[in-house]
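*Asks:* Just passing along the structure, written as structure tokens.
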Amino acid sequence: MPTFSVDFSKIESQDPVPTSNQPVVIDSIEFRQSKSSEHPYLNWKLIISDGPFSGRTLWMITSLAPKALFRLQEVLSALGLPSSEQLDFQVDDATNILIKPPIAGKAAIARVTQETYEGTVRNRVEQLISTGASGNSSEPRPSRRLS
């Protein structure tokens with residue numbers, strides 16, 4: 001039977017980031033079906049881009065429920081994207097990753113707080129604020145349109 005070694009000495013702390021504003025880059029946004037609601041949501045993966053927590057991952061959810069769309073509209077507006085009456089989204093069929101509008105790679109400031117969920121303290125991204133910097137390395141891929 002094969003054997004192997006694992007070096008745990010370089011594992012970084014997984015303690016929650018303290019309540020603060022953190023510079024982030026939007027890594028990806030995944031379209032997901034909710035298990036507890038009929039409404040899908042967008043799961044945002046954010047990477048802290050500078051400072052003592054650089055490289056750490058933060059997560060943010062924006063619901064696509066009609067009564068919660070105001071939050072998605074606020075985020076898109078802060079990132080400089082149109083937030084008019086209707087915006088078309090495209091999602092990669094294989095991965096469910098959002099490819100249009102082009103948001104991955106954009107820089108922002110994440111307003112991070114802490115919350116307790118099922119007895120564990122974890123981070124919550126309360127808001128994304130634009131930094132004015134942006135970028136996008138996404139190549140067009142097969143997609144489907146969300147309405």
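The values are calculated or read from the model by the stated rules, or taken from the named source; none is laboratory data. If you're wondering where the values come from, they're calculated on a predicted model, not measured in any experiment. Using ideal geometry, Cβ is built from the backbone for each residue, glycine included, and neighbour counts are taken over all protein chains shown. Side chains are part of the model used for accessible areas, which takes the heavy atoms of the whole protein and leaves out ligands, DNA and RNA. Shrake-Rupley method; radii C 1.70, N 1.55, O 1.52, S 1.80 Å.
*Asks:* Return the residues of region 70-88 that are modelled with pLDDT of 90 or more and more than 16 Å from the chain's Cα centre (by Cα); say none if nothing qualifies.
*Replies:* Of the residues in region 70-88, the ones modelled with pLDDT of 90 or more are 70-76.
Residue satisfying the conditions is F70 alone.
*Asks:* For P16, only one of the following conditions fails: (1) touching a residue at least 60 places away in the same chain (Cβ under 8 Å); (2) assigned to a strand (DSSP E or B). What is its number?
*Replies:* Only one criterion is unmet by P16, namely (2).
*Asks:* Just need a number here: residues in region 1-41 that are of a type in the set (V, I, T), open to solvent by 70 Å² or more (accessible area, probe 1.4 Å) and more than 16 Å from E126 (Cα to Cα).
*Replies:* Residues meeting the conditions: 3.
*Asks:* Within region 91-105, take every residue that is within 13 Å of the chain's Cα centre (by Cα) and part of a loop (DSSP other than H, G, I, E, B) and give me the one that is surrounded by the fewest Cβ atoms within 10 Å (Cβ to Cβ).
*Replies:* Quick first cut of region 91-105, residues within 13 Å of the chain's Cα centre (by Cα) only: 97-98, 103-105.
Narrowing further to those that are part of a loop (DSSP other than H, G, I, E, B): 103-105.
Numbers: I103: 22, A104: 19, G105: 15.
Once the filter is applied, the top-ranked residue is G105.
*Asks:* When you check G119 against the structure, is it loosely packed, with under 15 Cβ neighbours inside 10 Å and either under 15 Å from the mean Cα position of the chain (by Cα) or modelled with pLDDT of 95 or more (or both), yes or no? If you could, list the steps in order and put the result at the bottom.
*Replies:* On the way: loosely packed, with under 15 Cβ neighbours inside 10 Å: yes; either under 15 Å from the mean Cα position of the chain (by Cα) or modelled with pLDDT of 95 or more (or both): no.
Judged against the criteria, G119 is not a match.
*Asks:* Taking the residues in region 48-90 that are among the hydrophobic types (A, V, I, L, M, F, W, C) and in a strand (DSSP E or B) as candidates, determine which candidate is farthest from Q114 (Cα to Cα).
*Replies:* Only one residue fits best here, namely F89.
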